[in-house]
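Shown next, in structure tokens, is the structure this report addresses.
The values are calculated or read from the model by the stated rules, or taken from the named source; none is laboratory data. None of the values given here were measured: they were computed from a predicted structure. Cβ placement follows ideal geometry from the backbone for every residue including glycine, while neighbour counts extend to all protein chains displayed. With ligands, DNA and RNA removed, areas are computed over all heavy atoms of the protein, side chains included. Shrake-Rupley method; radii C 1.70, N 1.55, O 1.52, S 1.80 Å.
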Amino acid sequence: MAHVIAVAGKGGVGKTTLCGMLIQYLCDQGKGPVLAVDADANSNLNEVLGVKVETTLGDVREEIARAEMSKDNPIPLGMSKADYAEIRFEDALTEDKDFDLLVMGRTQGKGCYCFVNGLLQSQLTKYQNNYPYFVVDNEAGMEHISRGVLPTMQTAILVSDCSRRGVQAVGRIAKLIEECDMKPRTVGLIINRAPKGELNDGIKEEIQIQGLNLLGVVPQDEMVYEYDCQGRPTASLPEDNPVKAALKAIADKLDL
């Protein structure tokens with residue numbers, strides 16, 4: 001079964017950027033193929049990785065829902081809706097050299113994401129024997145953990161910025177993982193965008209209060225900002241970039 005690495009944290013802390021770099025790290029280490037999973041309805045992991053996504057699970061769901069209400073049904077005569085859906089779900093898998101990308105996407109308009117969450121869960125279960133690693137970029141909330149969307153979880157990487165609120169948020173996620181009895185082998189914290197790559201005493205104190213295992217600190221870096229503004233994939237940052245070097249050092253210690 002795949003080694004599932006779940007990356008989580010509150011919105012805006014840079015977890016998708018680090019997630020993309022982690023996927024690139026695994027590929028560079030020859031540990032592919034990796035299944036990269038964008039489990040955020042507001043998906044942008046593909047931009048970090050530099051790949052184009054044609055179809056998401058949410059798109060397929062909407063297509064089939066429209067087909068049921070339209071005279072122009074795209075489902076071929078003699079094919080069941082379930083079989084057609086399975087074929088289209090395969091189309092939602094974007095293939096690259098060392099990794100494949102599966103994007104949850106979203107439903108259109110009002111309503112909850114229960115249905116696409118269920119689609120994501122079933123697809124992950126189907127693929128868990130096909131890849132040595134899953135790297136899952138979770139939504140800002142805790143829904144995928146609380147609902148048991150992930151089939152298993154061996155490594156939980158919690159990402160926070162240099163704020164007490166960010167550390168408190170990942171502290172709640174760590175407690176939820178424990179309450180859900182997921183029993184990952186490793187649960188650790190990465191502090192991202194730290195000025196000069198250093199933590200002040202207040203953040204160190206909050207990490208201790210939350211009982212979190214600090215995996216490492218990633219510095220704030222102007223080049224990440226420039227890449228993002230230019231629409232360049234941040235996973236392709238130079239190897240000597242401080243952010244990429246810090247993430248590599250952390251991943252090396254995880255012994256993935």
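With the highest mean first, a sort of the peptides 185-192, 152-159, 20-27 on other beta-carbon atoms found within 10 angstrom per residue produces 20-27, 152-159, 185-192.
Under 5 Å from the amide H of TYR133 lie the amide H atoms of HIS3, LEU35, each residue being 5 or more positions distant or on a separate chain, with H modelled from the backbone and absent for Pro and chain starts. Here the average projected area of the convex hull drawn through the C-alpha atoms of region 161-207 stands at 3.4 nm².
For the chain, which semi-axes, largest first and in whole Å, follow from the square roots of 5 times the eigenvalues of its Cα gyration tensor? Walk me through the numbers before you get to the answer.
Values: eigenvalues 220, 77, 56 Å².
Those come to 33, 20, 17 Å.
Peptides 208-215, 28-35, 45-52 ranked from most to least packed give 45-52, 28-35, 208-215, packing being the mean of other C-beta atoms within 10 angstrom over each peptide's residues.
Report, in deg cm²/dmol and to the nearest 500, the calculated mean residue ellipticity at 222 nm for the chain, where each DSSP H run with n ≥ 4 adds -39500 (n - 2.57) and the sum is divided by the residue count.
On the way: 10 runs with 107 residues, N = 256.
Computed ellipticity for the chain at 222 nm equals -12500 deg cm²/dmol.
Backbone geometry of region 18-28 corresponds, through the Karplus equation with coefficients 6.51, -1.76 and 1.60 at θ = phi - 60°, to 3J(HN,Hα) couplings of 5, 4, x, 5, 5, 4, 4, 4, 4, 5, 5 Hz, x marking Gly and Pro. For the set ARG88, ARG164, the ranking by accessible area, highest first and with no ligand, DNA or RNA atoms included, is ARG164, ARG88 under a 1.4 Å probe.
The 3J(HN,Hα) values that the Karplus relation (6.51, -1.76, 1.60; θ = phi - 60°) gives for region 4-13 are, in residue order, 8, 10, 9, 10, 9, x, 6, x, x, 9 Hz. Gly and Pro appear as x. Less than 5 angstrom separates the built amide H of LEU214 from those of LEU189, all sequence-distant by 5 or more or on a different chain. Past 23 Å, Cα to Cα, is the threshold; run LYS126/LYS248; LYS10/LYS204; LYS15/LYS248 against it and keep the listed order. Too far apart for the 23 Å limit: LYS126/LYS248. Normalised per residue, the accessible area of the chain is 49 Å², obtained with a 1.4 Å probe and no contribution from ligands, DNA or RNA.
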